[in-house]
Amino acid sequence: MIPFPSVLTHNYDPERGAFRNLCELSTPQAQSVLDEIAATGRRRIKPNYLRRRLAVEDWLIREKSKKLGATRLGRPIYFFLGDLADRQDPSRPDSIVIPLTAFAPDMLTFTYPDSMASLPIARSEDHLACRKVYHGRVFTLEETQGRRCRVRHAGRPLEDGPVHAVRSLH
């Protein structure tokens, strides 16, 4: 079994700054940022991205609140679980790696895979054939470290276990 990672990685664009969330902006401001990112050619942005992102974040906030109470922040800040400071994403080339122990357990929730993929897989009939038990679920740190959370290669959960991609810091 792969040991549970001990760090979180926040990847970001140094021109925009670390620990930011696009959805904290007004809709016109957020769309302007997305248009600027798309214009660089470093990342393809789907036309409905902002609408989908807002819906997914609303879901994350609701699920986090059900499990751990009110959020400390209005919107999540996104991380990857583990050291992913690999500069592989040209739209977010800089990284900050932080020990998992720097955060209180009630500040973290996890999804697998990324929340923008996990929720649609869970809800769309188009994805029924590939749907797994962990799709469309938000997990707490405690849930990821329980006996049923077994991990195989590349951090993928087994059929009966939860998740290993952190999605939000609240």
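Summary of values
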| quantity | calculated |
| --- | --- |
| Selection count where residues are within 13 Å of Met107 (Cβ to Cβ) and touching a helix residue (DSSP H, G or I) at 6+ places or on another chain (Cβ under 7 Å), scope the range 61-79 | 5 |
| Residues satisfying the stated conditions in the range 1-55, i.e. assigned to a helix (DSSP H, G or I), farther than 22 Å from Thr140 by Cα and hydrophobic (A, V, I, L, M, F, W, C) | Leu22, Cys23, Ala30, Val33, Leu34, Ile37, Ala38, Ala39, Leu50 |
| Ser6 surrounded by 10 or more Cβ atoms within 10 Å (Cβ to Cβ) and touching a helix residue (DSSP H, G or I) at 6+ places or on another chain (Cβ under 6 Å) | yes |
| Glu57 vs. criteria in contact with a Lys or Arg (Cβ under 8 Å, 6 or more places away or on another chain) and under 14 Å from Thr111 (Cβ atoms) | yes |
| Pair list, Cβ under 6 Å, 6 or more apart: the range 84-95 residue over 20 Å from Glu36 (Cα atoms), other residue among the aliphatic types (A, V, I, L, M) | Ala85/Val97; Ser95/Ala85 |
| Verdict on Lys46 being more than 17 Å from the chain's Cα centre (by Cα), at pLDDT 90 or above and under 29 Å from Ser6 (Cα atoms) | no |
| Residue that is nearest to the chain's Cα centre (by Cα), among those in the range 106-124 that are farther than 15 Å from Lys67 by Cβ and in a helix (DSSP H, G or I) | Met116 |
| Flag for Ser91 being surrounded by 16 or more Cβ atoms within 10 Å (Cβ to Cβ) and among the polar types (S, T, N, Q) | yes |
| Residues (within 26 Å of Ile121 (Cβ to Cβ) and without any contact (Cβ under 8 Å) to a residue 40 or more places away in the chain) located in the range 1-26 | Leu22 |
| Residue ID - surrounded by the most Cβ atoms within 10 Å (Cβ to Cβ), chosen from residues in the range 77-88 that are of a type in the set (A, V, I, L, M, F, W, C), modelled with pLDDT of 90 or more and part of a loop (DSSP other than H, G, I, E, B) | Phe79 |
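The values are calculated or read from the model by the stated rules, or taken from the named source; none is laboratory data. Predicted model, so just to flag it, every value in this text is computed and none were measured. Glycine gets a Cβ as well: all are built from the backbone with ideal geometry, and neighbour counts include every protein chain shown.
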